[in-house]
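Below is one structure, written out as structure tokens, with a few remarks after it.
The values are calculated or read from the model by the stated rules, or taken from the named source; none is laboratory data. Bear in mind the structure is a predicted one, so any value in this text is a computation, not a measurement. FYI the Cβ positions are ideal-geometry reconstructions off the backbone, even for glycines, and counts take in every protein chain you see. Protein only, heavy atoms only, side chains kept; ligands, DNA and RNA dropped before computing areas. Shrake-Rupley method; radii C 1.70, N 1.55, O 1.52, S 1.80 Å.
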Amino acid sequence: MKNSGTISILHVVFLTMTFIGLKNHVTVIPSILKSAGRDGWASVLLGAFVTFIWLFLIVYVHNKSNQEPIKDWLKQKIGKVGSSIVLYSTAFYLLLLAAFTMRETLLWVSTTFLQKTPVVILLVIYAALIIFLASLGLQTIVIVNVFVLTGVVIFGFFVAFVNIKVKDYELLRPFFEHGLEPVLMGSVYPASGFVELLLLLFLQHQIQNRMRWYHFAIMLLILVGLTTGPLLGAITEFGPSEAAKQRYPAYEEWGLATIGRFIEHIDFFSIYQWLTGTFLRVSLILYICSDILNMSEDKKQIWTKLAPPFFFICLSLILLRDNVFLDINGKYFLISTFLFFIILSLFLSIVALASGKSSKKDKNDKKGGEEQSNQVKTQ
């Protein structure tokens, strides 16, 4: 297949840093701390090791599908009905994924710096901006991502280095004080973000070159750094017990940042980090969803058919009490995300394996038929 993709692998790496990085940098940290405590770093490494092995399934599907659009490849291999079931189920789950990210961001906004602003108004404004970006296409999302990611990375290193003076790395010891069970239980939370690398298969037809296993490994390594950074920061700055009680440890770290003796309260920089991260993450997820449903080329369909269900799912989550939502998100949805993407990857791998065997059988049958015809001619 001659690829006519519009984005490079470097762009894919940058997208991964934003749309998965936000989740692993912010969302999963409280769950890791509550599950594994001071040994949360080991949970991240364990989750990364398991995910690294799993990545070869993604590479296998990527190679077998020959960078065709996954929706077309599935239709060829399992038929229209089977592919429709898989694709619509995936699209629905992506809407849930985007809605949960939106709800968590609005919860943070309404509890930190916009307490008196109605959440519905925030939802309408932010959702309109996100859907507008999603409707502009992948290239626009990539360009916007390059610009905003620069500031996100700079601010991230800034808060990490500024807070060195208040970090106590002795708080990481003793290692494995409660055994390996908490580490094993906690590894599913960072892995629930790592497995979202599967979504790159739904963008593969727009990537200029074929992705190799080491490209995925590099992205996984970056995500490990984005997860362990705020996790270790929270433990060494607040201690494992206090950090586990905090709703947003990554944000609380900004409260300790100061420049010299007289410049304080610079946590407003985190507003830029979080809002731009959500902006890009949800926009990309909705774009992938629109591409799966064959809407990506029609802005009107995105606004009329994709935006309403996304908005009402977000609205239904907003109606939940904050503690109920946090409980569902932290205990159940992260685990369900991990299971969903693992099951989907296994299904795609089975389809790729079965299609490989069938194509090999067809070649053998064709070769056998040619040999028989040649024998007839010689006789």
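Considering the stretch 55-72 alone, what residues qualify as being closer than 19 Å to A217 by Cβ and open to solvent by 40 Å² or more (accessible area, probe 1.4 Å)?
F56, L57, Y60, N63
Would you check if Y189 is free of Cβ contacts under 8 Å to residues at least 12 places away in the same chain and part of a helix (DSSP H, G or I)?
no
If I ask for residues that are assigned to a loop (DSSP other than H, G, I, E, B), under 20 Å from the mean Cα position of the chain (by Cα) and surrounded by 19 or more Cβ atoms within 10 Å (Cβ to Cβ), which ones from the stretch 204-260 would you list?
Residues satisfying the conditions are M211, Y248.
Can you go through G47, G82 and tell me which one is part of a helix (DSSP H, G or I) and surrounded by fewer than 17 Cβ atoms within 10 Å (Cβ to Cβ)?
G82 is the lone residue from the list that is part of a helix (DSSP H, G or I) and surrounded by fewer than 17 Cβ atoms within 10 Å (Cβ to Cβ).
Go through the residues of the stretch 12-32 one by one and say whether even a single one is at positive phi, assigned to a helix (DSSP H, G or I), among the small types (G, A, S) and modelled with pLDDT under 95.
No, because not a single residue in the stretch 12-32 is at positive phi, assigned to a helix (DSSP H, G or I), among the small types (G, A, S) and modelled with pLDDT under 95.
Does F176 satisfy the criteria of being assigned to a helix (DSSP H, G or I) and open to solvent by 40 Å² or more (accessible area, probe 1.4 Å)?
no
Among the helices (runs of 4 or more DSSP H) contained in the stretch 265-327, which hold 3 or more residues that are open to solvent by 40 Å² or more (accessible area, probe 1.4 Å) and more than 30 Å from K80 (Cα to Cα)?
Qualifying helices (runs of 4 or more DSSP H): 269-292, 322-327.
Could we say that F194 is within 29 Å of T51 (Cα to Cα), of a type outside the set (K, R), out of contact with any Pro (no Cβ under 9 Å at 6 or more places or on another chain) and in a loop (DSSP other than H, G, I, E, B) here?
No; evaluated as a whole, the condition is false for this residue.
Yes or no: I207 touching a strand residue (DSSP E or B) at 6+ places or on another chain (Cβ under 7 Å), under 30 Å from L348 (Cβ atoms) and among the aliphatic types (A, V, I, L, M)?
Answer is yes for this residue.
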